[in-house]
Amino acid sequence: NQGLVLPGAIDRSLFFAVRPNGTPELRFWALDIEESAVVDLAEVKPGKSLWLNYLLGIAEQFSQRGHQLMGLDIVFGGNLPVGAGVSSSAALECGMAMTWNLLLNAGYNGSELAQLAQQSSHQFVGIPCGIMDQFSSVMGLENKVIKIDCRTLDYTYHDADFANYSLILFDSNLQHSLFTSEYNNRRIECEEGLSIINENYPEINSFRDCNEELLIGLKSKMTDNVFRRSLYAVKEIKRVIEACAALDKGDIKTLGKLMFETHDGLSKDYEVSCAELDYLVDLAKAEEDVIGSRLMGGGFGGCTITLV
């Protein structure tokens, strides 16, 4: 939606061990799930294995950019939970992108590698994701969050100083998948909302340039779903700006309040939450030691992120 996002890196990782193998094959070992695969470099194409598609898509991106690929042995594993909404797929893509960048002396910077990984998701894996996960995976810094402008890819770092509070992730133990999570439907609904706004206000090409009052004035021209998806996008862009201001002032209470508001919007307007996530947020809200909580990631499972 060309909005603003505010991710940060956490202390969980995927690690890659790689060596050229002198053959025309890519040989993969996924330690955590005890699976392996061998792929001929001449036959790189999407298959049924999602983790393998994430890795092969990166190889294809480097090939498309004119780089001569070599056969590799690739072993990877780590302590990053899969399907918990903490961007394990982006870590997989970015780890592979950094590996090829190093081996081929390709010289791409972090922002370029993030965009390459995003294009791989779009073109090879078939998930039209945003840039946030890949960007924060490559560009994250300790004790910082990154405000990313998804329209220009400009970014600024803000101190992640939560005073007497800690950020805790609670896992719903419900695995989510972007394929099953109606992600593409939300994208289509937002595009439809923006199209209606643009028809009535030709100068507005992005939710960034829209406000709640204007949107409410067009409510009768939209389906209920399209209106609520659009309303969430407009409100959330504003919340990210307010969250950065709160962090810069050390106003953690306001940050927490915004997190609760975001979850409410994700649950009721964007409808990407689920009973388990709503339960975790309600449970947190009842505790006086908690000032903010919301789902994180694509929704429909995964984790909540909570200020305790």
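The values are calculated or read from the model by the stated rules, or taken from the named source; none is laboratory data. This one's a predicted model, so the numbers in the text were calculated from it and none came from an experiment. Every residue, glycine as well, gets a Cβ built from its backbone with ideal geometry; the counts of neighbours run over all protein chains shown. All accessible areas refer to the heavy atoms of the entire protein, side chains included, with ligands and DNA or RNA removed. Shrake-Rupley method; radii C 1.70, N 1.55, O 1.52, S 1.80 Å.
Extension gain, residue 123 to residue 50: 0.36 nm times the residue separation minus the Cα-Cα distance gives 24.9 nm. Could you tell me which of rounded, prolate or oblate describes region 162-275, using a ≥ b ≥ c as the square roots of the eigenvalues of the alpha-carbon gyration tensor, with rounded for a/c under 1.5 and, failing that, prolate when a/b is larger than b/c and oblate otherwise? Since a/c reaches 1.5 but b/c is at least a/b, the shape of region 162-275 is classed as oblate. Extending 7 Å from the Cα toward the beta-carbon at both residue 268 and residue 223 defines two label points whose distance is 2.2 nm.
For the chain, the share of accessible area belonging to carbon and sulfur comes to 49 percent (1.4 Å probe, ligands and nucleic acids excluded). For region 101-152, the square roots a ≥ b ≥ c of the C-alpha gyration tensor eigenvalues yield an a/c of 1.5 or more together with a/b not exceeding b/c, which makes the shape oblate.
Relative contact order of the chain, please, whole-number percent, based on alpha carbon pairs below 8 angstrom and at least 6 residues apart.
21
Note on residue 102 and residue 65: the extension gain reaches 11.8 nm, defined as 0.36 nm multiplied by sequence separation minus the Cα-Cα distance. Other residues with beta-carbon under 11 Å from the beta-carbon of residue 71 carry, at +1 per Lys or Arg and -1 per Asp or Glu, a net charge of -1.
Hydrophobic long helices, here whole DSSP H runs in the chain with Kyte-Doolittle means of at least -0.5 and Cα atoms spread over 18 Å or more along the helix axis, are found at 50-64, 88-103, 224-249, 252-268. Extension gain, residue 163-residue 27: 0.36 nm per intervening residue step, less the Cα-Cα distance, totals 44.3 nm. Accessible surface computed residue by residue for region 165-308, with neighbouring protein chains in place and a 1.4 Å probe, gives 51 Å² per residue. With the whole protein complex present, residue 98 retains an accessible surface near 90 Å², based on a 1.4 Å probe. Once the Cβ-Cβ distance of residue 191 and residue 275 is raised to the sixth power relative to R0 = 30 Å, the FRET efficiency obtained is 0.60.
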